[in-house]
Structures are given as C-alpha cells and as structure tokens.
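Worksheet: the structure to be examined is printed underneath.
The values are calculated or read from the model by the stated rules, or taken from the named source; none is laboratory data. Worth saying up front: this structure is predicted, and the values here are computed from it rather than measured. Backbone-built Cβ (ideal geometry, glycine too); neighbour counts: all protein chains shown. Surface areas here come from the heavy atoms of the whole protein model, side chains and all, with no ligands, DNA or RNA. Shrake-Rupley method; radii C 1.70, N 1.55, O 1.52, S 1.80 Å.
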Amino acid sequence: MPSARSIAIRHFHTYFVKPRLSATIPVAKQRKSLNTLSKIVIMPRNSHFQSVMLGNIKASWVSAATVFDDAAILYLHGGAYAIGSPHTHRALTSYLSKTSGTKVLAIDYRLAPEYPYPAAVEDSVAAYKWLLDSGYQPDKIVIAGDSAGGGLSLATVVALRDSGISLPQAVVCFSPWADLEGTGQSFTTKVHVDPVLTPDWLQFMAKLYAGNTDLQLPRISPLYADFHGFPPVLIQVGSEEILLSDSQRLAERMKTSGVKCELEVLDDMYHTWSSLPGMIPEANQAMQRAGVFIRKRIGKI
C-alpha cells in the first residue's frame with residue numbers, strides 16, 4: 001500500500017503538475033512552472049552546493065555530510081530534454097549524495113528547442129571527460145539521471161563506449177525515458193493511472209529534441225542500443241507510469257547482452273517518485289537502495 005503522503009502527492013501531481021506539462025503550453029512557461037514547484041522540497045541537513053564551470057558548461061557540486069574524496073556521481077537531470085536544471089533537482093541530488101556518501105556533479109546541459117540533439121549528449125560526454133581530466137578514475141565514477149536524464153545517462157555511455165573512452169563503474173536510472181518513439185505497451189495501458197505524464201506531451205518534447213532525426217538512434221532512444229560492454233545498471237521505476245515498459249524492455253535487452261541490470265518496480269508508484277526524498281517514505285527508501293548500489297560499485301562497502 002502506498003503511504004498517505006504518497007497518495008497526497010499523487011493528487012497534487014494530478015491536479016496541479018500534470019496540467020502544466022502540456023504541448024499547448026510554451027516551453028518557457030513550463031520551465032518557470034518547474035522552477036516554482038522545485039521550491040517545495042525538503043533538503044537533508046548539511047547539504048552543500050558549489051557552482052563550477054566545465055569549460056562552457058555550468059554545473060554544481062552537490063554534497064551532503066561526509067563524502068568520499070575520490071569518487072563522483074555525474075548527474076543528468078530530467079525534464080524531457082527541454083526543462084529542468086541542477087537547481088530543480090537539488091533535493092534528489094543532495095539525498096543521493098547523502099545515501100551514497102559520494103559527491104554529485106549535476107550539470108546544466110543545453111536544452112531543446114534552442115539546442116536540440118546532440119547537444120545534451122555532447123555536454124554529458126564533455127562533463128565525464130572533465131571528471132577524468134580532474135583525476136577521477138572510471139571505476140570511481142557513476143552516471144545517474146531521472147526520466148530524460150536516465151535515458152541521457154545511457155546514451156552518454158553509448159557515446160563513450162563508441163569513442164573508446166573508459167566507461168564509468170555503473171549507471172543509475174530513475175524512471176528512464178529510453179524510447180522517444182513511445183512504442184511501449186505501458187504508453188497506452190498506464191495512461192489513465194499516471195498522474196504526471198501524457199503521451200501527447202512526451203511526443204511533443206521528443207519532436208523538440210530530435211527534430212527530424214531518427215528516434216531509434218541509440219543516442220536518442222537508448223532502448224535500441226547494443227549494450228555489450230556496459231557497466232552494471234540499476235533501474236528504478238513505478239508500476240503506474242507510462243514509461244514502465246521502457247524500463248522493463250531495457251532490463252530485458254541488457255540481460256540478453258550480458259549486462260548486470262537490477263530492475264526495481266515499485267508498486268503503486270508514479271513517474272520519478274524517487275525525486276521526492278524527505279517528502280514521501282518511498283522516495284527515501286529508493287534513495288537508500290540507490291546509495292547502497294553505488295557504494296558497492298565504487299568499492300565503498
């Protein structure tokens with residue numbers, strides 16, 4: 001059974017958030033709405049944020065309490081490639097830092113429609129290279145992201161592998177958007193229970209991001225990627241979101257390719273519920289599990 005807080009947040013999403021994510025609303029206004037909503041967060045104590053420039057890319061180091069000096073999480077925020085920023089996801093990244101004991105580098109990658117594909121992938125690859133150049137070893141780096149950021153995390157690993165660059169130790173995806181064509185079964189079967197996303201909005205955002213580029217390109221829709229050589233992956237997804245099939249199919253394809261993939265499907269949960277730590281217990285638990293996964297992968301347990 002979902003917690004009472006989770007049920008309350010579901011209603012808030014249904015009647016306040018979902019109407020503001022629409023193909024009929026200008027992207028600038030959607031960005032403003034998300035920025036406003038992101039003020040309603042609960043931060044862990046001792047959260048620390050430090051702005052940094054990675055060449056031309058704005059970013060923020062996020063840390064909560066004590067962190068390992070030699071490890072880092074490269075975090076790619078969600079927002080359908082057109083909205084969102086490290087600031088809108090500061091609660092998630094600070095809790096992820098707390099539970100993993102690891103610094104988080106959250107980047108402000110370029111957004112569509114001003115900067116369509118491949119800008120986001122290019123910025124993510126550049127940020128990863130920046131970490132390597134700064135002395136971080138690949139076996140102490142994890143790439144993580146939620147929604148579009150989850151898909152972008154996988155697309156970034158595809159780009160790194162294809163370029164012959166040493167891969168991160170692991171990838172963590174929260175409710176990843178991995179199929180911009182929207183061909184998954186849940187894209188239709190879950191449409192009436194998902195309190196956040198609609199197919200029309202995602203299709204609109206996919207067009208803004210990809211334009212006329214083939215949506216099956218692995219760096220746009222990593223569902224269609226060859227996963228051979230990938231590091232271990234953790235995927236967390238809710239049972240009541242239209243992107244459920246994206247996660248299920250990703251896990252199947254990864255396991256077929258010999259990739260260690262842990263798929264967690266939480267009953268009665270909705271899109272990116274894990275972005276609400278401090279507000280609902282289910283998100284706290286998701287962050288704890290993600291933190292344990294990360295610490296194991298970077299050799300801190």
* Count of segment 129-161 residues which are without any contact (Cβ under 8 Å) to a residue 60 or more places away in the chain and more than 30 Å from Ile242 (Cα to Cα) -> 7
* To do: Inspect all residues belonging to segment 168-186 and state whether any of them is in a loop (DSSP other than H, G, I, E, B), at pLDDT 95 or above and among the aromatic types (Phe, Trp, Tyr).
  => yes
* Determine whether Arg31 is surrounded by 13 or more Cβ atoms within 10 Å (Cβ to Cβ) and within 23 Å of Leu208 (Cα to Cα). => yes
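Per-residue answers, yes or no, for (1) touching a Leu at 6+ places or on another chain (Cβ under 9 Å); (2) closer than 28 Å to Lys207 by Cα; (3) of a type in the set (Gly, Ala, Ser):
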site: Ala71; (1), (2), (3): no, no, yes
site: Tyr75; (1), (2), (3): yes, yes, no
site: Pro116; (1), (2), (3): yes, yes, no
site: Ala119; (1), (2), (3): yes, yes, yes
* To do: Hey, can you tell me all the residues within segment 232-254 that are in a loop (DSSP other than H, G, I, E, B) and open to solvent by 10 Å² or more (accessible area, probe 1.4 Å)?
  => Pro232, Ser239, Glu240
* Being farther than 16 Å from Leu180 by Cα and part of a helix (DSSP H, G or I) is the filter here, so list the residues in segment 142-157 that pass it. => Val157
* Asked: Can we say Phe49 is on the phi < 0 side of the Ramachandran plot and out of contact with any Pro (no Cβ under 9 Å at 6 or more places or on another chain)?
  -> no
* List pairs: first in segment 105-116 and small (Gly, Ala, Ser), second in a loop (DSSP other than H, G, I, E, B) and surrounded by 19 or more Cβ atoms within 10 Å (Cβ to Cβ), Cβ under 8 Å, 6+ apart or cross-chain? -> Ala106/His77; Ala106/Pro86; Ala106/His89; Ala112/Tyr81; Ala112/Ala82
* Structure fact -> Residue pairs within 7 Å by beta carbon, gap of at least six or interchain, first lying in segment 11-29 and modelled with pLDDT of 90 or more, second open to solvent by 80 Å² or more (accessible area, probe 1.4 Å), listed first then second, are Ala23/Asp200
* Starting from segment 55-68, keep only residues that are at pLDDT 95 or above, then list their pairs with residues that are of a type in the set (Ser, Thr, Tyr) and part of a strand (DSSP E or B) whose Cβ atoms are within a distance under 6 Å, requiring at least 6 positions of separation or different chains. => Ser60/Ser51
* Asked: If we keep just the residues of segment 34-50 that are within 22 Å of Ile83 (Cα to Cα) and open to solvent by less than 40 Å² (accessible area, probe 1.4 Å), which is nearest to the chain's Cα centre (by Cα)?
  -> Ser38
* Structure fact -> Checking Gly258, Gly299 in turn, the sole residue that is open to solvent by 10 Å² or more (accessible area, probe 1.4 Å), in contact with a His (Cβ under 8 Å, 6 or more places away or on another chain) and assigned to a loop (DSSP other than H, G, I, E, B) turns out to be Gly258
* Select from segment 69-80 the residues that are part of a strand (DSSP E or B) and touching a Ser or Thr at 6+ places or on another chain (Cβ under 6 Å) and write down the one among them that is surrounded by the most Cβ atoms within 10 Å (Cβ to Cβ). => Leu76
* Residues in segment 197-204: is at least one closer than 19 Å to Ala72 by Cα, part of a loop (DSSP other than H, G, I, E, B) and open to solvent by less than 10 Å² (accessible area, probe 1.4 Å)? -> no
* Using beta carbons and a limit of 6 Å, which pairs, at least six apart or on different chains, have the first residue in segment 212-236 and free of Cβ contacts under 8 Å to residues at least 40 places away in the same chain and the second one of a type in the set (Ser, Thr, Tyr) and outside any helix (DSSP H, G or I)? -> Leu215/Ser221; Phe227/Ser257; His228/Ser257
* To do: For Thr14, state whether it is open to solvent by 70 Å² or more (accessible area, probe 1.4 Å) and either over 16 Å from Tyr109 (Cβ atoms) or of a type in the set (Phe, Trp, Tyr) (or both).
  => no
* From the list Ile294, Ile242, which one is closer than 26 Å to Asp162 by Cα, in contact (Cβ under 8 Å) with a residue 40 or more places away in the chain and touching a helix residue (DSSP H, G or I) at 6+ places or on another chain (Cβ under 6 Å)? -> Ile294
